[in-house]
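Participant: Sharing a structure here in structure tokens format.
The values are calculated or read from the model by the stated rules, or taken from the named source; none is laboratory data. All of these numbers come straight from a predicted model, not from anything done at the bench. We place every Cβ from the backbone using ideal geometry, glycine too, and count neighbours over all the protein chains shown.
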Amino acid sequence: MSEEKLSIKISIADRYYPLRIASEDEEMVRAAALRINQKIEQFSVKYSGQDTQDALAMAALQFVLSLLKYEKDNETNEIITEIATLDNFLGEYLER
């Protein structure tokens, strides 16, 4: 992993933000900014008359809800894996 930092500017909701990031993260950071801007645009079109702050807040809410759902699904998968491991262990133990 490279320790090289890269200075970039990203635009979110027509504001520019200077960032210093690992060079290997540039593509992901730019893609994230693009997705945020796309979501803001969707909310701006859907709820015309709302200001950019409202669209940004709704976009943030939707992204965090998706993150929480992913985290919950991931925790569920970890629990299922642990149960399967225990089931295998008990099955082997009972076969002895």
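Participant: Restricting attention to the range 23-44, does a residue exist that is outside any helix (DSSP H, G or I) and farther than 27 Å from K5 by Cα?
Facilitator: The answer is no, given that none of the residues of the range 23-44 is outside any helix (DSSP H, G or I) and farther than 27 Å from K5 by Cα.
Participant: Only one of R96, R15, R20 is touching a residue at least 12 places away in the same chain (Cβ under 8 Å) and surrounded by fewer than 10 Cβ atoms within 10 Å (Cβ to Cβ). Can you tell me which?
Facilitator: R20
Participant: Answer yes or no as to whether E78 is over 17 Å from the mean Cα position of the chain (by Cα) and surrounded by fewer than 13 Cβ atoms within 10 Å (Cβ to Cβ).
Facilitator: Judged against the criteria, E78 is a match.
Participant: Here's a follow-up. In the range 49-70, what residues are at pLDDT 85 or above and either more than 27 Å from A13 (Cα to Cα) or not in a helix (DSSP H, G or I) (or both)?
Facilitator: Result: D51, single match.
Participant: Go through (1) surrounded by 10 or more Cβ atoms within 10 Å (Cβ to Cβ); (2) closer than 28 Å to I8 by Cβ for E27 and report which single condition fails.
Facilitator: For E27, the exception is condition (1).
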